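Working notes, beginning with the structure itself.
The values are calculated or read from the model by the stated rules, or taken from the named source; none is laboratory data. No experiment lies behind these values; they were computed from the predicted model shown. Note: ideal-geometry Cβ built from the backbone for every residue, glycine included; neighbour counts use all protein chains shown. Heads up: the accessible areas ignore ligands, DNA and RNA and are worked out on the full protein's heavy atoms, side chains in. Shrake-Rupley method; radii C 1.70, N 1.55, O 1.52, S 1.80 Å.
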Number of protein chains: 2
Amino acid sequence: MKFKIKKLGFLTGMPVCILHESTIKKMGLHVGNRVLIKNNNNKIISVIDSVSKILHPEEIAISQDIYESLDLDHNKYVDVEIIEPPHSIELIKKKIIGKRLNKKEINEIISNISNNSLTEVEVAFFISSVYDKEMSLKEIKYLTEAMVKSGKTFQLKGKVADKHCIGGIAGNRTTPLVVSICACAGLIIPKTSSRAITSAAGTADVMEMLCKVDFPISEIKRIIKKTNACLVWGGSLGLAPVDDKIIRIERIVNIDSTTQLLASILSKKISVGSKYVIIDIPYGQSAKIETKKHAEELKKKFIKLSKMFNLKIEVVLTEGSEPIGNGIGPLLEIEDVLKVLMRINPPKDLEQKSIMLAGKLLELTNKAKKGCGESVALEILNLGLAFKKFKEIVKAQKGQIKEFKKSDLYYDIKSEHKHLDNKLINRLAILSGCPEDKISGVYLHKKKGDVVEKSEILFTIYSVSKEKLEYAKEFYKEFKKEIIEYC
Amino acid sequence: MKFKIKKLGFLTGMPVCILHESTIKKMGLHVGNRVLIKNNNNKIISVIDSVSKILHPEEIAISQDIYESLDLDHNKYVDVEIIEPPHSIELIKKKIIGKRLNKKEINEIISNISNNSLTEVEVAFFISSVYDKEMSLKEIKYLTEAMVKSGKTFQLKGKVADKHCIGGIAGNRTTPLVVSICACAGLIIPKTSSRAITSAAGTADVMEMLCKVDFPISEIKRIIKKTNACLVWGGSLGLAPVDDKIIRIERIVNIDSTTQLLASILSKKISVGSKYVIIDIPYGQSAKIETKKHAEELKKKFIKLSKMFNLKIEVVLTEGSEPIGNGIGPLLEIEDVLKVLMRINPPKDLEQKSIMLAGKLLELTNKAKKGCGESVALEILNLGLAFKKFKEIVKAQKGQIKEFKKSDLYYDIKSEHKHLDNKLINRLAILSGCPEDKISGVYLHKKKGDVVEKSEILFTIYSVSKEKLEYAKEFYKEFKKEIIEYC
């Protein structure tokens with residue numbers, strides 16, 4: 001059926017079309033049903049809302065995402081077709097009651113999420129079924145493959161390698177360092193990162209202090225050809241995009257299923273054609289993964305699953321009970337990175353961890369002999385090659401190295417300490433304005449093991465606004481004892 | 001903040017308000033966030049959509065359910081307040097990761113579902129968490145209490161009793177019979193039933209062949225005072241209404257959690273003040289519950305939980321592998337009921353089961369001596385007292401006994417058989433037009449155990465429309481072997 005488009009310019013967070021109530025009735029439909037909206041060969045599945053005013057029975061209003069996805073800017077009419085609820089609802093039910101799914105079935109669910117045939121509620125049921133009745137490795141393999149298939153992929157020449165940290169540690173900006181060091185040694189590293197979601201900064205936010213991070217794939221290929229690597233934002237590239245849809249709904253209740261974590265990470269690596277991957281699993285008090293046992297289990301799954309994809313992988317369990325590096329927040333973290341690259345007062349823990357990860361990746365790719373990876377990585381750093389490489393990447397990403405001015409608005413916390421809580425330090429940085437206010441954040445003057453007198457400054461909170469600084473101070477005062485464990 | 005209401009008369013299936021994009025930005029909100037909409041002391045939580053046209057920045061459009069719930073017909077303005085995501089999201093997460101919830105926590109979740117503080121996606125996560133990490137009996141008790149608290153309740157004088165079947169059997173219209181028999185014996189039976197949701201007919205649809213079923217609570221009390229009983233639709237009474245919200249979302253993926261089943265049934269019984277309840281759990285091939293073991297487990301839970309509420313309960317496991325009665329569909333089922341009441345060619349299985357259930361309820365309430373319930377029930381039937389009571393109820397519900405004309409459009413299926421599939425016979429009746437077309441349905445001429453020659457009619461499909469009859473015929477031809485198990 002053809003409908004005349006009435007432009008309302010509305011947004012609902014998912015594809016929605018509005019029809020007149022009499023039209024809906026005539027078509028035998030109900031509010032909440034799905035229809036297929038078509039423009040030539042483009043099509044998108046949409047949910048129906050109803051109005052009794054503003055639209056004529058022969059008119060339709062469609063949400064902005066439908067306009068964009070169907071490229072409807074110059075159209076006056078659009079086709080609407082009635083469709084049945086997808087069969088994948090049955091498959092989701094099958095998983096909820098604890099049965100195994102085969103390759104075809106998993107493909108069907110993922111492709112239905114991808115083309116919006118499933119509503120958010122249905123995706124929520126899928127996510128929780130996968131959370132509870134954990135998938136077998138075979139199922140996770142099918143899920144990973146289906147996710148890769150849902151998006152774009154690209155292939156690069158050379159030894160394509162990557163690194164990934166499962167997250168949860170404040171600061172911990174090793175990525176720009178590992179990428180720069182390994183690119184010097186000849187590895188090809190198409191590193192795509194996220195922006196901060198629940199943290200004070202993502203690698204993309206941190207790199208954005210110096211250069212652009214949002215490029216189309218063709219540009220990224222050019223950057224990699226020039227420099228062996230890139231440090232870009234993965235969000236708009238369409239790599240395993242179904243993963244983003246799932247994560248958005250997972251985040252509503254803030255759960256992280258192992259199944260989803262494995263499929264999510266590996267699908268993104270496979271999409272960019274990586275053959276060698278190093279995974280960092282930080283564990284410890286206040287990290288995402290709290291016990292060594294759980295970290296070991298996850299490591300085993302990563303290894304088994306990677307074998308199924310012929311991916312050479314090394315999984316490193318790292319100390320994750322404290323922040324890594326001194327800065328938490330985009331500006332304070334890029335400064336830490338530059339200090340390591342420029343060999344000027346580098347934060348020791350950040351330097352050491354980056355060298356370790358780079359060393360392992362060099363050994364995994366046979367760029368360094370077994371046992372010599374760290375030495376090679378340190379040499380590359382000390383010779384200034386990593387810094388040179390980093391500058392090349394920044395330049396290729398249309399930026400340049402610069403100096404920054406810290407905010408004048410800050411608050412010093414003086415205290416002795418034995419331990420700092422990752423999650424709460426991260427929270428303090430967010431309250432101070434991160435990641436939107438890039439110069440806000442927390443700077444740790446002392447780290448675990450450092451001798452510190454009660455009268456010395458333990459950390460400083462920076463903020464762009466008095467109000468936000470006040471929020472952060474209040475939070476600090478309320479949760480003092482949870483943030484800082486005293487001697 | 002005050003907004004001017006612009007009437008669009010739109011419906012989305014949940015409370016939604018639309019604001020201008022600039023207003024949303026200015027308020028620091030995003031599409032999908034929640035706000036509180038207020039009119040004097042009435043308030044409702046709503047999700048936000050955004051438009052760039054049709055609304056001025058100081059205007060708001062609200063969905064029909066908000067109008068109705070806030071009684072906004074004559075208002076020009078409405079108050080909008082920003083609210084935080086509810087804490088119960090954290091509690092849902094707690095359940096997802098497998099922890100127990102206490103009374104206060106369960107109350108908080110249910111009250112948040114009740115007042116729309118939780119979105120459908122969040123409720124879906126709650127449902128699946130309860131499905132997988134099954135709740136303890138204590139938790140189910142809290143859940144039941146919270147559901148009762150979410151709605152209206154009423155108290156009646158006398159021995160208040162009820163019956164409930166967990167469903168899944170085609171035909172099986174025992175309720176009008178059990179209610180009529182037991183009301184004769186002096187029990188007070190405030191029976192509220194559902195309309196068909198996934199079946200060909202609910203008790204409310206069947207009763208509607210003869211009388212009204214939709215009454216306000218005050219009217220229902222009058223009907224009960226006059227006749228000791230009622231046979232009404234429970235949908236609009238506001239008894240444990242949060243249950244309806246949960247069931248609507250459960251149905252999206254067609255799951256039935258035991259937790260939800262127990263809390264749902266008992267909360268409705270407690271809301272109408274029942275003290276004695278008989279529960280019918282049919283089990284068997286093609287029933288809702290397939291094995292005796294599963295039925296026994298459910299029975300135990302019903303008994304334990306009822307004790308916690310001082311509810312006297314009897315749970316009966318019944319043969320559920322075949323349809324009960326000859327008719328499936330509103331008209332064909334009320335005819336079966338009338339045949340039993342009038343003692344004219346009653347379907348034996350329907351009669352026998354109704355007498356058994358009524359007998360058990362009479363014994364449970366001490367209206368009959370142990371072992372004598374069935375005899376008393378049969379006597380009430382045979383003396384015509386049950387029919388007289390049924391006519392009283394129908395009259396009190398503004399109806400009368402009448403005769404019906406079967407549809408001229410029908411299709412006979414001739415076959416021998418050993419077994420008929422419940423779900424597929426139900427499906428045939430739905431395809432023929434049930435429950436909307438009340439005279440459509442399936443009539444079984446022969447039941448399990450009846451001798452039937454290949455040339456005899458096994459069942460007839462009736463329909464109001466040629467098209468629908470054709471659908472049903474096609475379905476029969478495709479699934480012949482699944483519908484009928486041959487000798």
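Here are the numbers:
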quantity: Relative contact order %, chain B, counting alpha carbon pairs below 8 Å whose residues are six or more apart; calculated: 14
quantity: Inter-copy label distances at A:K388 (7 Å, Cα→Cβ; nm, one decimal); calculated: 10.9
quantity: Residue-count net charge about B:S180 - beta-carbon cut-off 11 Å; Lys, Arg +1, Asp, Glu -1; calculated: +3
quantity: For B:A229, residues with placed amide H under 5 Å, excluding near neighbours; calculated: B:I189
quantity: Mean separation of Cα contacts under 8 Å (6+ apart) over length of the stretch B:148-254, as relative contact order %; calculated: 32
quantity: In Hz, Karplus ³J(HN,Hα) per residue of the stretch A:286-301 (6.51, -1.76, 1.60; θ = phi - 60°; x = Gly, Pro); calculated: 6, 8, 4, 10, 8, 10, 5, 4, 5, 5, 5, 4, 5, 4, 4, 5
quantity: When the convex hull of its Cα atoms is projected in every direction, mean area for the protein assembly as shown (nm²); calculated: 44.4
quantity: Whole-angstrom Cα spans of the stretch B:203-282 along principal axes, big to small; calculated: 40, 28, 26
quantity: Where Rh is the Kirkwood radius over Cα pairs, Rg/Rh for the stretch A:1-93; calculated: 0.96
quantity: Length-normalised contact order of the stretch B:239-360 in % [C-alpha pairs under 8 Å, at least 6 apart]; calculated: 21
quantity: DSSP loop GluC sites (Glu not before Pro) with at most 15 other Cβ within 10 Å excluded, longest remaining stretch of chain A; calculated: A:135-289
quantity: For A:I313, residues with placed amide H under 5 Å, excluding near neighbours; calculated: A:V277
quantity: DSSP-defined beta bridges in the protein assembly as shown - what % are antiparallel, rounded to 5; calculated: 55
quantity: Shielding score for A:244-256, defined as the mean number of other chain Cβ atoms within 10 Å; calculated: 3
quantity: Percent carbon-and-sulfur accessible area, the stretch A:361-463, ignoring ligands, DNA and RNA, probe 1.4 Å; calculated: 50
quantity: Quotient of C-alpha Rg and 2.2 N^0.38 Å, computed over the stretch A:127-174; calculated: 1.61
quantity: With DNA, RNA and ligands ignored, accessible area of A:I344 (1.4 Å probe; Å², nearest 10); calculated: 90
quantity: Cα long-axis angle, helix A:258-271 against chain A (0 to 90 degrees, to the nearest 10); calculated: 90
quantity: Neighbourhood net charge (12 Å Cβ-Cβ; Lys/Arg +1, Asp/Glu -1) for A:G449; calculated: +1
quantity: Accessible area expressed per residue, chain B, with surrounding protein chains retained (probe 1.4 Å, Å²); calculated: 43
quantity: Cβ charges +1 (Lys, Arg) and -1 (Asp, Glu), total dipole of chain B, debye; calculated: 1660
quantity: Cα pair distances of the stretch A:96-229 binned at 10 Å [whole percent]; calculated: 10, 29, 30, 25, 5, 0
quantity: Proximal charge balance of B:S321 [Cβ under 13 Å; K/R count +1, D/E count -1]; calculated: 0
quantity: The stretch B:285-358, dipole about Cα centre (Lys/Arg Cβ +1, Asp/Glu Cβ -1), debye to the nearest 20; calculated: 540
quantity: Share of pairwise Cα separations in the stretch A:293-439, more than 28 Å, in percent; calculated: 36
quantity: Apportionment of accessible area to carbon and sulfur, the stretch A:104-198, percent (1.4 Å); calculated: 48
quantity: Rotationally averaged projected area of chain A (alpha carbon convex hull; nm²); calculated: 25.4
quantity: Separation of alpha-carbon centers, the stretch A:12-75 and the stretch A:103-169, rounded to whole Å; calculated: 28
quantity: Inter-chain Cβ neighbour average for residues B:50-57, partner chain, 10 Å; calculated: 5
quantity: DSSP beta bridge pairing in chain A, given as percent antiparallel to the nearest 5; calculated: 50
quantity: Derived scalar couplings ³J(HN,Hα) [the stretch A:447-457; Karplus, 6.51 cos²θ - 1.76 cosθ + 1.60; whole Hz; x for Gly, Pro]; calculated: 10, 3, x, 5, 6, 9, 7, 4, 8, 8, 7
quantity: Accessible surface of B:V78 - all protein chains present, 1.4 Å probe, nearest 10 Å²; calculated: 0
quantity: Quarter of Cα convex hull surface for the stretch A:10-58, i.e. mean projection, nm²; calculated: 3.8
quantity: Helix-derived mean residue ellipticity, 222 nm - over chain B, DSSP H n ≥ 4, -39500 (n - 2.57), to 500; calculated: -13000 deg cm²/dmol
quantity: Loss of accessible area when A meets B, both sides summed, Å² nearest 100, probe 1.4 Å; calculated: 3200
quantity: Tilt relative to chain A, helix A:137-149 - C-alpha long axis, 0 to 90 degrees, to 10; calculated: 70
